[in-house]
Amino acid sequence: MCVKGFLNTFKQFSDLTHELSPGIGRVTICSTNPSAFLFTLPNTIGTLHLHFSNGRDTIDQDVIISTLQSSERTAAMEKLLTVVRLLIQTTESERISA
């Protein structure tokens, strides 16, 4: 839901990500911080790769957090990161060393 909410702040995605559009979202965190529990906006996360699909159409969007200027996008990103933090704390996350 938060992936879709953040992507909805981009005009080009609003038709696909409106409130009534069901779908599946996925977030890949690209960070230099080895501890995913301690990341903050925007200091330690470099890029998020967001994926959203409604079964017919798909969005793949790389977001460089430090470049977010809009207060609407920053608020949506903070909400998304809060949910990601909660998921990390309650599930076994997959970490891949690059």
Study note, to complete from the structure: Ranked from fewest to most other Cβ atoms within 10 Å of their own Cβ, V3, V27 fall in the order V27, V3
Review point. Using the count of nearby Cβ atoms within 10 Å as a rough guide to exposure, how do K79, K4, K11 rank from fewest to most?
Key: K11, K79, K4
Review point. If amide H atoms are built 1.01 Å from N in the plane of the peptide, which residues on other chains or at least 5 residues away come under 5 Å of the amide H of D57?
Key: none
Check your understanding: Once amide H atoms are placed 1.01 Å from N in the peptide plane, what residues at a sequence separation of 5 or more from G46, or on another chain, have their amide H within under 5 Å of its amide H?
Key -> C30, S31, T32
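How high is the FRET efficiency between Q61 and L86 when r is their beta carbon distance and R₀ equals 25 Å, given to the nearest 0.05?
Details: r = 22 Å, r/R0 = 0.88.
Efficiency at R0 = 25 Å is approximately 0.70.
No value in this document is a laboratory result; all are computed from the given coordinates. Quick caveat, the model's predicted, so the values are computed rather than measured. Every residue, glycine as well, gets a Cβ built from its backbone with ideal geometry; the counts of neighbours run over all protein chains shown.
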